[in-house]
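Peer 1: Below you will find the structure I want to go over with you.
What follows is calculated from the coordinates using simple rules that are stated; it is not laboratory data. Computed from a prediction, not measured in an experiment: that's the story for all the values here. Ideal geometry is used to build each Cβ from the backbone, glycine not excepted, and the neighbour counts take in all protein chains shown.
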Amino acid sequence: MSDSVPPFTITFPFDENTGTVFFAVLAVLALSFAVYGILQMPTTANRNRDWKQQGIEILFVFLIPVWICLMGFVIWTLISLAASFPDYSEGDDLRWHALALVGLMTSLAGLIGTPFVFLRAQTTERHTVATEQGLITDRITKAVEQIGAVKTVIKDDKSSTLPNIEVRIGGLYALENIAQQNLEVHIQIMDILCAYVRENLSNKIDNKPGELSTMTDTSPLPKAGERLLPDDVSVVFKIISRRSKPQKKKEESRLNSEGQRYVFDFSTCNFIHYRLWWLSFDNCRFWYCDFSGATFFRNEIQNSDFMAANFSSTTFNSVKAENTKFHIVATDDLEIEHTSFLGCQFFKFDFAPTRISNDTQFDGSQFSSEWNVVTALTDEQKETALGIGNFDPTDGHIPKHWTTVEATNNKVDDYWREWQKTNGSQPK
């Protein structure tokens, strides 16, 4: 007699009716997720929606299958009750049937009215959002009017118009508060602040691309590094430096046509002889800015660009710069002390007239061969950096890892980053 193998069976810990309800609930949830996934396809409209509106829509999506099931159940039950109505002689059964019929009809009316309740809630939410947007616009408009405030000063029977610094600072802080509370206008407010700095520190230049900026203002200046930033401009830099994590995340998600994140544009500004102490510059653009005679002290500079800037007689002291570009800059009498350049680029940066302290670090930085770098840096500084181009070996020690690739080669930047990975200095 052969042994028979018992059939494979699965036993659920509930009866048939409970199992039907269980699988019906699973089907409803699956349908809800499918509908939600279709509605959440990546579009610009979905990315810009408010989280409250998204929450209401998510709730509505999950309730749609439930509503359909309930409607079907109530209608099917009503039809069943109508088809099996008892005889008039059966008093109790007739009364219970009538009560059930009234209850089901009331439920059906409530279910029919549910979508209209949701539509009303949606309309109210849109109206509320529109009102809030209007209030935000009004607040921004008022703050912008404040940062342009002026006052009339009479001296020696002569009247002159001067910036009203107190009112302007109040307007700047108002813009900061609006940007913190409403991330959807954060980028626009940062644009306003950058424009404010450019307007009030205008370099007044009319130079061709590639030319260094030159000031036309010949008014007497304090000694180098002794000129303090205007109070209102100083407030702008403080506001930008203390942005919150959600604000920075908003900037990272704002990409331009080239896939680059938002940049604070301070191009063509005049920083001549200014004392730029303890300021942080993150993702800033300083194209054609004039820093001659300025002093940088204890600054943190990250992911910024100083293309065609003027650093004549400028001092860098205890500065930490990371992944920053210094291209085609003027460096006459530039002094660099106790400073760290991590993963920075120095193209057409003339080191001949530059004084560099031995403890200045250039870890993971990149130099081009057009300018005097071999004799300006110590052997230790050159070992931690990368030279690109045809360097003259008679000028001094050239590390073996320096490449002879021309600085104009399109693959230079890729080569540089590959080398950075090998020594652990790859910028973020």
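Peer 1: Computed FRET efficiency, Cβ-Cβ of THR378 and ASP191, R0 51 Å: what is it to the nearest 0.05?
Peer 2: For THR378 and ASP191, the calculated efficiency is 0.75.
Peer 1: On full extension of the chain, what length is gained from LYS421 through THR137, given 0.36 nm per residue of separation minus the C-alpha to C-alpha distance?
Peer 2: Value of the extension gain: 97.6 nm.
Peer 1: Distance between Cα centroids, segment 103-159 to segment 307-367: provide it in whole Å.
Peer 2: So the separation of the two Cα centres works out to 49 Å.
Peer 1: Moving on to the next point. Measure of size requested: the Rg and Dmax of segment 224-304, with Cα atoms as the atom set and Å as the unit; please supply both.
Peer 2: According to the Cα coordinates of segment 224-304, Rg and Dmax are 13.6, 41 Å.
Peer 1: Which residues' amide hydrogens lie under 5 Å from the amide hydrogen of LEU386, considering only partners 5 or more residues apart or on another chain, with H built in the peptide plane?
Peer 2: Amide H to amide H, under 5 Å and 5 or more residues apart or across chains, LEU386 pairs with SER365, GLN366, PHE367.
Peer 1: Here is a follow-up. Classify segment 303-365: rounded, prolate or oblate, from the alpha-carbon gyration tensor (a ≥ b ≥ c, eigenvalue square roots; a/c under 1.5 rounded; otherwise prolate if a/b is larger than b/c)?
Peer 2: Values: a/c = 1.63, a/b = 1.05, b/c = 1.55.
Judged from the Cα gyration tensor, segment 303-365 comes out oblate (a/c at least 1.5, b/c at or above a/b).
Peer 1: Output the relative contact order of segment 209-423, whole-number percent, from Cα pairs under 8 angstrom with separation of 6+ residues.
Peer 2: Once divided by the residue count of segment 209-423, the mean separation gives 12 percent.
Peer 1: While we're on this one: If amide H atoms are built 1.01 Å from N in the plane of the peptide, which residues on other chains or at least 5 residues away come under 5 Å of the amide H of SER313?
Peer 2: GLY293, ASP332, ASP333, LEU334
Peer 1: For the ranges 368-378, 312-322, what's the packing order if you count other beta-carbon atoms within 10 Å of each residue, average per peptide, and put the highest first?
Peer 2: 312-322, 368-378
Peer 1: Along each principal axis of its Cα atoms, how long is segment 209-423 end to end? Whole angstroms, biggest number first, please.
Peer 2: Sorted largest first, the three principal extents are 50, 43, 33 Å.
Peer 1: Hey, got the dipole for segment 317-411? About the Cα centre, +1 on K and R Cβ, -1 on D and E Cβ, debye to the nearest 20? Before the final figure, lay out each step's value.
Peer 2: Working: 7 positive and 15 negative charges, 75 e Å.
In debye, rounded to 20, segment 317-411 gives about 360.
Peer 1: Let's see if you can work this out: charge +1 on each Lys and Arg Cβ, -1 on each Asp and Glu Cβ, no other charges. What is the dipole magnitude of segment 262-420 about its Cα centre, in debye to the nearest 20?
Peer 2: Result for segment 262-420 is approximately 260 debye, rounded to the nearest 20.
Peer 1: Across segment 292-428, how many lysine pairs, 8 or more apart or on two chains, come within less than 19 Å at their alpha-carbon atoms?
Peer 2: So the count of such lysine pairs works out to 13.
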